[in-house]
Amino acid sequence: MTVTDEPAQRDRRFDQTRLLESLHWPMRTNPDTGERELLIGEEIGAIAMRAGLGAETNSMLALHMLTVPVLGCSGRPEEWIFLTGPAGASLRLTTLADLSRIAVCLIPRQTWLPLPSAEAPGRVRWVVPPLRGQTLAPWQSVISAVRSTSSVSSQRG
């Protein structure tokens, strides 16, 4: 016999909904799936990478006292998506080549990303949840951290 803790699950769902609403991010409810989704664009940028590189990048950011909300997306391999301030100006070709070499994806503007929900657990989760009143780290800071992490990793290997 399985015992479920429905009140606790309702509380988590309510807390998650209140947190997302307090952030004032551009979101919608997908009419087909019912999932909450976040719009990448003028207010928020997103950078995706494999989870292992994401963990190292997150540590590098923490060393510089930056906390970045991170989504974990299930799959093989698992992918982490860092939510940042809006994407900056265009990047140099050498930077784009570095990011491509280490399989880092700059999520295009006008992309709707699914957010974690109690209704669809497991597909998307918060690796690092957002904080109320948190200012998103600059997009360039995450790019710099992932490139630095990658160069440190390749020197170890």
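The values are calculated or read from the model by the stated rules, or taken from the named source; none is laboratory data. All figures in this text were calculated on a predicted structure; none of them were measured in a lab. So basically every Cβ, Gly included, is an ideal-geometry build from the backbone, and we count neighbours across all protein chains shown.
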Is it the case that the range 107-114 has a residue that's in a strand (DSSP E or B) and either in contact with a His (Cβ under 8 Å, 6 or more places away or on another chain) or surrounded by 19 or more Cβ atoms within 10 Å (Cβ to Cβ) (or both)?
yes
Among the residues of the range 130-140, write down those that are buried (at least 17 other Cβ atoms within 10 Å of the Cβ) and either assigned to a helix (DSSP H, G or I) or modelled with pLDDT under 90 (or both).
Trp139
Tell me yes or no: at least one residue of the range 83-95 is closer than 18 Å to Ser150 by Cα, in contact (Cβ under 8 Å) with a residue 40 or more places away in the chain, in a helix (DSSP H, G or I) and over 11 Å from the mean Cα position of the chain (by Cα).
yes
Entirely in the range 26-66, the strands (runs of 3 or more DSSP E) that have 1 or more residues that are within 12 Å of the chain's Cα centre (by Cα)
36-40, 45-50
Checked the range 67-82 for anything under 23 Å from Arg132 (Cβ atoms) and part of a strand (DSSP E or B); matches are Val70, Leu71, Gly72, Trp80, Ile81, Phe82
Would the range 79-90 turn up any residue that is surrounded by 14 or more Cβ atoms within 10 Å (Cβ to Cβ) and over 11 Å from Ile47 (Cα atoms)?
no
Could you tell me whether any residue of the range 107-129 is over 17 Å from the mean Cα position of the chain (by Cα), modelled with pLDDT under 95 and more than 19 Å from Thr33 (Cβ to Cβ)?
no
How many of the residues in the range 60-82 are free of Cβ contacts under 8 Å to residues at least 12 places away in the same chain and over 22 Å from Pro114 (Cβ atoms)?
3
Quick check, is Ser151 assigned to a helix (DSSP H, G or I) and modelled with pLDDT of 90 or more?
no
